[in-house]
Amino acid sequence: MTTTQLTTFTELKGGICAPKGFKAGGIHSGIRKNKEKLDLALLVSDMPCATAAVYTQNKVKGAPILVTQANIANGYSQAMLCNSGNANTCNHDGVELAQQCCELVAKATGLKATDVVIASTGVIGQPLPLEPFVNFIPKLTACLSENGGTLAAQAIMTTDTHHKEFALEFVLNGKVCKIGAMTKGSGMIHPNMATMLTFITTDVAITPEMLKQALQNEVKQSLNQISVDGDTSTNDMATVMANGLAGNALINEMNDDYQIFCDALHQVCVWACRQIAKDGEGATKLLECTVNNASNSTVALAIAKSIISSDLFKSAMFGADANWGRALCAIGYTSGDFSVNNIELRLKSDKGEILVCKHSSYFPFDEDLAKEVLSAPEIQILVDMNDGNVMAQAWGCDLTYEYVRINGDYRS
């Protein structure tokens, strides 16, 4: 996406609390057995927020998604509650429990229950008691802080090895604006219209309609382009809350300000993609696939995701084996009408770059150099389709022995 003016984005600390008017916190409520792990996060805005969300396309959906869809049908919210350790999915009283949690937030904050975005992540099909929410939502509300973004990011983790938060500052016609995010995801990652859980805040003034359009367009380019293990979760959700406190002119059309906001949203979402893929369960390497010169965007996106989703290719990356034929194979079974007659493939890392395929055929390369390139923690797979002028990216990780171990005893 391009803009008509030069925009500078500056990275900030604070995550979801970096934008004006947001407070957050995290607490251990007893949902998770390990008392050292936070398991309940709350975010509240000083002002009502234009709100947009995208959700999993899995036919089995977590109850919080159904409640959130109803709550933000009018395009607004003012708070977000998320628990980890239990997905509240496939529970007979899941929707009722999620609604009761929203009511508890409303009572503690003075908001309406329908002002709350609610999310859950963790084990599927396990009973979720109401007591932890009754006991700890008031305590969590009392300790909300403009510095609480990190605690909230820690509280939404499941098998993540570290919390994930990010923020940027930029200017819209003289007004300083900020956008912040926290995300979680490590396993069960193969999104379809969302990512595992990503919560984005901004103080930009924008209508719900334009915010929804921006998020839906962005998801196709980034958040939907991650794969750790090929499993689309029942609880995938990405939300953006915009409270307008930056004081910029309201974005209500596709103008220059809208394009700049979309650029900022893109940077935040690509950050989330890289963080989730890099922290894939058992992963030792981040894989970033860039497809250039494809015939159209649908094909480019599909090819990039096919490659980083291939278990065989992911296994080869774990072993630092330049088995490029597995990438060509993944391209070949990708849906769409495109030419496979002139593909070029390069592998690149901070240890070097090597051409391994040219004109869709073997290109003589140094196996020792290739192994050195693939020994790095971040690997770029560069594909040139020579079939058009469209580019797309996707993000994944290697497939390791540790992934099986983690998922062999996940519930324990």
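The numbers here are math on the coordinates, done by the rules we state, and not lab data. Since the structure is predicted, the reported quantities are computational estimates derived from the model, not experimental observations. Quick reminder, even Gly has a Cβ in these numbers, built from the backbone with ideal geometry, and neighbours come from all protein chains shown.
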Open item on the list: If the reach is capped at under 24 angstrom between alpha carbons, list the lysines near Lys314, excluding any in the same chain fewer than eight residues apart.
Closed with: Lys164, Lys184, Lys220, Lys278, Lys285, Lys305, Lys348, Lys351, Lys358, Lys371
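Find the relative contact order for the chain and round it to a whole percent, using C-alpha pairs within less than 8 Å whose residues are 6+ positions apart.
Values: 1094 pairs, mean separation 71.3, N = 412.
Relative contact order for the chain comes out at 17 percent.
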TODO: Compare Val60, Val105, Val117 in a GNM of the chain, Cα atoms joined below 10 Å, and give the one with the largest fluctuation.
DONE: Val60
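Could you please report the charge total around Gly30, scoring K, R as +1 and D, E as -1 over all other residues with beta-carbon less than 14 angstrom from its beta-carbon?
Details: positive: Arg32, Lys33, Lys35, Lys37, Lys139; negative: Glu36, Asp39, Glu131.
Residues near Gly30 contribute +2 overall.
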Task: Distance-filtered residues of segment 154-187 - backbone nitrogen under 16 Å, label point 7 angstrom along Val123 Cα→Cβ - done: 158-159
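Between the DSSP loop rule and a limit of at most 15 other Cβ atoms within 10 Å, which GluC sites (Glu not before Pro) in segment 144-176 are left? Please list the in-between numbers first.
Numbers: sites: Glu146, Glu165, Glu169; in loops: Glu146.
For GluC sites (Glu not before Pro) across segment 144-176 that sit outside H, G, I, E and B with at most 15 neighbouring Cβ atoms in 10 Å, the list reads Glu146.
What net charge do the residues around Phe9 carry, taking every other residue with its C-beta under 10 Å from that of Phe9, with Lys and Arg at +1 and Asp and Glu at -1?
Working: positive: none; negative: Glu11, Glu169, Asp263.
That sum, taken over residues with Cβ under 10 Å, equals -3.
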TODO: With springs connecting C-alpha atoms under 10 Å apart, model the chain as a Gaussian network and identify which of Gly280, Gly319, Gly174 has the largest mean-square fluctuation.
DONE: Gly174
- [ ] Give me the Kirkwood hydrodynamic radius of the chain, using the inverse of the mean 1/r over all pairs of distinct Cα atoms, in Å to one decimal.
- [x] 21.8
Open item on the list: Let me check I've understood the local charge: for Lys351, count other residues with C-beta under 13 angstrom from its C-beta, Lys and Arg +1, Asp and Glu -1. What total comes out?
Closed with: -3
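So in segment 10-278, what percent of DSSP beta bridges are antiparallel if you round to the nearest 5? Don't jump to the answer; show the numbers that get you there.
Working: 39 of 54 bridges.
Counting only bridges with both partners in segment 10-278, antiparallel ones make up about 70 percent.
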Open item on the list: Among Leu265, Leu347, Leu130, which one shows the highest mean-square fluctuation when the chain is modelled as a Gaussian network with alpha-carbon springs under 10 Å?
Closed with: Leu130
- [ ] Taking the chain as the reference, fit the longest principal axis to its C-alpha atoms, fit the long axis of helix 297-309 to the helix C-alpha atoms, and give the angle between the two in degrees, 0 to 90, nearest 10.
- [x] 90
Open item on the list: If you fit an axis through the alpha-carbon atoms of helix 256-278 and take the longest principal axis of the Cα set of the chain, what angle between them do you get, 0 to 90°, nearest 10?
Closed with: 70
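Rank the residues Arg405, Arg32 as a footprinting-exposure proxy: fewest other Cβ atoms within 10 Å of their Cβ go first. Show your work: numbers first, answer last.
On the way: Arg405 12, Arg32 21.
Ordered from fewest to most neighbouring Cβ atoms within 10 Å, Arg405, Arg32 come out as Arg405, Arg32.
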- [ ] Rounded to the nearest 500, what is the 222 nm mean residue ellipticity of the chain from helices alone, with -39500 (n - 2.57) per DSSP H run of 4+ residues and division by all residues?
- [x] -9500 deg cm²/dmol
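Of all alpha-carbon pairs in segment 228-288, indicate the percentage at a distance above 16 angstrom.
The proportion of pairs with Cα distances above 16 Å equals 62 percent.
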Open item on the list: Need one number: nm distance between label points at Asn252 and Glu372, each 7 Å from Cα along Cα→Cβ, rounded to one decimal.
Closed with: 6.1
Task: Reciprocal mean inverse distance between Cα atoms of segment 132-230 - Kirkwood radius, Å - done: 15.7
Task: Degrees, to the nearest 10: 94-109 long Cα axis against longest axis of the chain - done: 60
